[in-house]
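Remarks on the structure that follows.
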Amino acid sequence: MTAPRPSPLAATVVRELARRRNPAQAAILRRFFKTEPGEYGAGDVFWGVKVPQTRALLARFPEVPLAAAAELLASPVHEVRFFAAAALVRAYARGGPAHRAAIFNFYLAHAARFNNWDLVDASAPGILGRHLPPGRGRRTLARLAKSRNLWRRRMAIVATLAHVRQGHLANTFWLAERLLAEAEDLMHKAIGWLLREAGKRDAAQLRNFLARNVQRMPRTALRYAIERLPPRERRRWLRA
């Protein structure tokens, strides 16, 4: 059975990204995103297209229908999937309530294709975080956080960045506390990053979180979380 032909839009996007290939940059990205066997990005394909180039190309396509986004997300090429992620975030920001709901459901249905940390970080706040009401949406966040898939778990915590930016910190602290048993370093970094961002809004809440959890926090998460605290206090938390 022959594979269906790509839509004209998807075919054009892939062709234009392919024209921007940079083998030297691709080699750097393969190392940076850990694509060797056994690493978190094993098997991912890079063309070496830089993010500003991808975003400039996106500007040439005012609308990317969900069907075309699905085709692009199916690509083995990282930059093609990144184009789709950026298109979805833009469409969510511009859409009305019905279209936003459709994008939110589409995003969850295609979560497996956001399979590296930059794809998650570029999309989860702008879609999941913006769609889930601040302080609520915990059923969806908890389901993602319990997934065996690293990227779905990262989606959960990174999505709360949208809430932090609005001054609502409850979901970040709630979810971070439930993820402290994580084994993956990429999750430790994400947890610490979100705690740091929450702490920039309310240092007292961060200190309360640390007082309850410092003994069981992964060291990477702790170091990220306390980066904005005074040096003497950082040393104290690291000795705790």
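The values are calculated or read from the model by the stated rules, or taken from the named source; none is laboratory data. Worth saying up front: this structure is predicted, and the values here are computed from it rather than measured. Cβ: placed from backbone, ideal geometry, glycine included. Neighbour counts: every protein chain shown. Surface areas here come from the heavy atoms of the whole protein model, side chains and all, with no ligands, DNA or RNA. Shrake-Rupley method; radii C 1.70, N 1.55, O 1.52, S 1.80 Å.
Rank Ile103, Gly43, Ala10 by how far each Cα sits towards the positive end of the charge dipole of the range 4-146 (+1 on Lys, Arg Cβ; -1 on Asp, Glu Cβ) and give me just the farthest.
After comparing all options, I get Ile103.
Using Cα centres only, tell me the gap between the range 190-240 and the range 1-78 in whole Å.
Measuring centre to centre over Cα atoms gives 36 Å.
Largest first, how would Thr172, Thr140 line up by accessible area (1.4 Å probe)?
Numbers: Thr172 0, Thr140 20 Å².
Largest accessible area first, the list is Thr140, Thr172.
Need the list of aspartates and glutamates near Lys189 for cross-linking: C-alpha distance under 15 angstrom, and skip anything on the same chain fewer than eight residues off.
Result set, ordered by chain and number: Asp118, Asp121, Glu177, Glu197, Glu227.
Keeping every protein chain present and rolling a 1.4 Å probe, give me the accessible area per residue for the range 160-240 in Å². Walk me through the intermediate numbers first.
Numbers: 4120 Å² over 81 residues.
Accessible area per residue: 51 Å².
Given H placed 1.01 Å from N in the peptide plane, which residues other than close sequence neighbours of Val45 have an amide H under 5 Å from its amide H?
It is His78, by chain and number.
Output ³J(HN,Hα) for the range 118-132: one whole-Hz value per residue in order, computed from phi by the Karplus curve 6.51 cos²θ - 1.76 cosθ + 1.60 with θ = phi - 60°, and x for Gly and Pro.
6, 5, 5, 5, 7, 10, 4, x, x, 10, 4, x, 6, 7, 7
Can you give the angle from 0 to 90° between the axis of helix 8-19 and the longest principal axis of the chain, with both taken from C-alpha atoms, to the nearest 10?
Result, in degrees: 70.
Spin-label point model (7 Å from Cα, Cβ direction): what's the Ala112 to Gln205 distance in nm?
That separation, rounded to one decimal, is 3.5 nm.
If I compute solvent accessible area with a 1.4 Å probe over the protein chains, what percent of it on the chain is carbon and sulfur?
Values: 6420 of 12090 Å².
Of the solvent-accessible surface of the chain, carbon and sulfur hold 53 percent.
Could you state the orientation-averaged shadow area of the convex hull built on the Cα atoms of the chain, in nm² to one decimal? Present the calculation step by step, with values, prior to reporting the outcome.
On the way: hull surface 58.8 nm².
Computing the convex hull of the Cα atoms and averaging its projections yields 14.7 nm².
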